[in-house]
Amino acid sequence: MIGAGVIGLATARALALKGLETIVLEQAAHIGSETSSRNSEVIHAGIYYPPGSLKARLCVRGRALLYDYLKMHQIAHARCGKLIVATRAHEREQLDTIAQRALANGVNDLRYLSKSDAAELEPEVQAELALLSPSTGIVDSHQLMLSLQGELESAGGNVAFSTPLEKGRLSRRGHHILTTGGTHPTDLRCRYVVNASGLHARETWLKLLGGFSDETPPQQFFAKGHYYAYPGKSPFKRLVYPVPAAGGLGVHATVDLSGQVRFGPDVRWVRELDYQFDDSRRDEFTQAISHYYPAIDKTRLQPGYTGIRPKVVAEGEPDGDFVVLTERDHGFSGFVSLHGMESPGLTACLAIAEQIADTL
């Protein structure tokens, strides 16, 4: 297993529980230090994604598995619900599209809210019409990852930190992985390899298959998002989302488990992995929020953190699906490579793990 984000940990746990000796290679010194810890920590219902897509299927299945897992392991979470709001007349059609997709994906608990109904639930929200998603929630993602890591280790697996992949050689008789962790390189021989390296998925593929396969990995692009904290009493009890925007779900409001609200992310396409916070577009950020929260006080917005999503499509193209490449795609038995594992990857992690474990 390459990558100790939430998907890598969930998959490693699933394989270890099947009795496989499992090692996770992680180039960082901690679990989930990139995409898995730099997001909204939302448990998605599965309503946005095209019917039949991997995102739709794995999100809906993953949500059910995740809520059961969180309850069983007493991991902090809340099924708080969210409002998706139309603030202008032309956005009503987008709500209809979302509602139709939700039904097609098996999410049948959405309900329309009139302007007065929405105001009764969330007095600070301005909406001409809204959809209420009661199955949406929030989770302590780090606590979740610690639990997955603990179960992996209890089943005999291990995470090798500060151990980047140097190169590999895959064959139909077995695979060799060379790492550069510690004082000496380590040559691992294994039956299965799973590339769950997130933002580095294309680079990992090339290290493993470059020169050994005529197939080329999916393209990779980076979409950076900024999150602002909003100290003080939260104006909302639920999550509040605008209709989706290009490249993401729009600058939304999430309430964390301590009751604090944060806004984000925006979408800024970048070429490099740079987590510095750029406060220069605060006014644009404020304007986006003001469509559904007119009372926003931009002086209360405090720079929080940034995250970067791995994309398989470029700016301006329709949103891409998860890409899960197996032997039938590249010809190498026991190798699974994951690309474009952005939202709803956190929600879908256990379903993704289930599918990979069954495939291998």
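Miscellaneous remarks
- Among the residues of segment 228-243, those that are in a strand (DSSP E or B) and either in contact with a helix residue (DSSP H, G or I) (Cβ under 7 Å, 6 or more places away or on another chain) or open to solvent by less than 10 Å² (accessible area, probe 1.4 Å) (or both) comprise Tyr228, Tyr230, Leu239, Val240, Tyr241.
- Flag for Ala10 being open to solvent by less than 10 Å² (accessible area, probe 1.4 Å), outside any loop (DSSP other than H, G, I, E, B) and not β-branched (Val, Ile, Thr): yes
- The single condition among (1) without any contact (Cβ under 8 Å) to a residue 24 or more places away in the chain; (2) part of a helix (DSSP H, G or I); (3) not small (Gly, Ala, Ser) that Arg61 does not meet is (1).
- Subset of segment 279-335 (residues that are open to solvent by 70 Å² or more (accessible area, probe 1.4 Å) and closer than 16 Å to Pro244 by Cα): Gln287, Glu315, Gly316, Glu317, Pro318, Asp319
- Considering residues of segment 71-95 that are among the charged types (D, E, K, R) and over 13 Å from Leu131 (Cβ atoms) only, the residue farthest from the chain's Cα centre (by Cα): Arg88
- Candidate set from segment 209-225 (those that are at pLDDT below 90 and crowded, with 21+ Cβ neighbours inside 10 Å); member that is nearest to Asp319 (Cα to Cα): Pro217
- Filtered by the rule that a residue be within 21 Å of the chain's Cα centre (by Cα), crowded, with 23+ Cβ neighbours inside 10 Å and not in a loop (DSSP other than H, G, I, E, B), segment 16-35 gives Val24, Leu25.
- When Leu170, Leu95 are checked against the criterion of being hydrophobic (A, V, I, L, M, F, W, C) and either within 28 Å of Ala64 (Cα to Cα) or loosely packed, with under 14 Cβ neighbours inside 10 Å (or both), Leu95 stands alone in meeting it.
- Any chance Leu121 is aliphatic (A, V, I, L, M) and farther than 23 Å from Gly345 by Cβ: yes
- Evaluated against (1) touching a Phe, Trp or Tyr at 6+ places or on another chain (Cβ under 9 Å); (2) buried (at least 16 other Cβ atoms within 10 Å of the Cβ), Arg268 falls short on exactly one condition, (1).
- Restricting attention to segment 38-58 and to residues that are open to solvent by 10 Å² or more (accessible area, probe 1.4 Å) and part of a helix (DSSP H, G or I), the residue that is nearest to Ser258 (Cα to Cα) turns out to be Lys55.
The values are calculated or read from the model by the stated rules, or taken from the named source; none is laboratory data. These numbers come from a predicted model, not from an experiment. Because the Cβ atoms are built from the backbone with ideal geometry, glycine has one as well, and the counts that use them run over all protein chains shown. Just so you know, the surface numbers come from the protein's heavy atoms only, side chains and all, with ligands and any DNA or RNA stripped out. Shrake-Rupley method; radii C 1.70, N 1.55, O 1.52, S 1.80 Å.
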